[in-house]
1. In whole Hz, what ³J(HN,Hα) sequence does the stretch 101-110 give by Karplus (6.51, -1.76, 1.60; θ = phi - 60°), x for Gly and Pro?
2. I want the antiparallel fraction of DSSP beta bridges within the stretch 34-136, as a percent rounded to 5.
3. For the stretch 53-76 and the stretch 90-138, compute the distance between their C-alpha centroids and round to whole Å.
4. Report, to two decimal places, the Cα Rg of the stretch 34-136 normalised by 2.2 N^0.38 Å (N = number of residues).
5. If R₀ is 35 angstrom, what is the calculated FRET efficiency for the pair SER104 and THR46, using the beta carbon separation as r and rounding to 0.05?
6. Find how much the distance from GLU119 to SER80 grows on full extension, using 0.36 nm per residue of separation minus their present alpha carbon separation; answer in nm with one decimal.
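Values quoted throughout were computed directly from the atomic coordinates according to the rules given, and no laboratory measurement underlies them. None of the values given here were measured: they were computed from a predicted structure. Because the Cβ atoms are built from the backbone with ideal geometry, glycine has one as well, and the counts that use them run over all protein chains shown.
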Amino acid sequence: MKRALLASLSAVVAVGVVSLAGCGGSSSDSTMTGDNPGTWAPLEITQSANGTTLDMVVDQAAIFTDLPDSPTVVVESSDSAVVEASQAEGEGEVTAVAGLIARSAGTSTITVKDTSMPEDAGGASNVIMEFTVNVTAP
């Protein structure tokens, strides 16, 4: 009886270890849970995205993590049917950061501007950063 119980427990432990091993992987994909990109943790966009191309999947979200904290900073999308931009909102304890949502396959240019600055002041620009987003279907 003890031998049968021990064999059963060993089988349960072995199945549990195999199941947990299947959950492993690199830390880069640990935030992707499920097949719907809308359930994944959002991509974090920093100033280093300036001048680059970001790849997203339809329904995937992204947030800006280091934009200046100013109501005059706006995020624009050249094609909101492909990538929808949202603005930072709120003050004090309840705030929302600016972000993006990939809506459909295609390409959009994202421009972040400080509207308190002139668009062109002797060669200087009010553009804080600009990059391209390529969106593909999941």
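1. 3J(HN,Hα) across the stretch 101-110, in whole Hz: 10, 6, 9, 7, 5, x, 10, 9, 9, 9.
2. Values: 25 of 33 bridges.
Antiparallel bridges: around 75 percent, rounded to the nearest 5.
3. Rounded to whole Å, the Cα centres lie 6 Å apart.
4. On the way: Rg = 13.9 Å, N = 103, 2.2 N^0.38 = 12.8 Å.
Here the answer is 1.09, to two decimals.
5. Values: r = 25 Å, r/R0 = 0.72.
According to the calculation, E is roughly 0.90.
6. Details: separation 39, 0.36 × 39 = 14.04 nm, distance 2.18 nm.
Residue separation times 0.36 nm, minus the Cα-Cα distance, leaves 11.9 nm.
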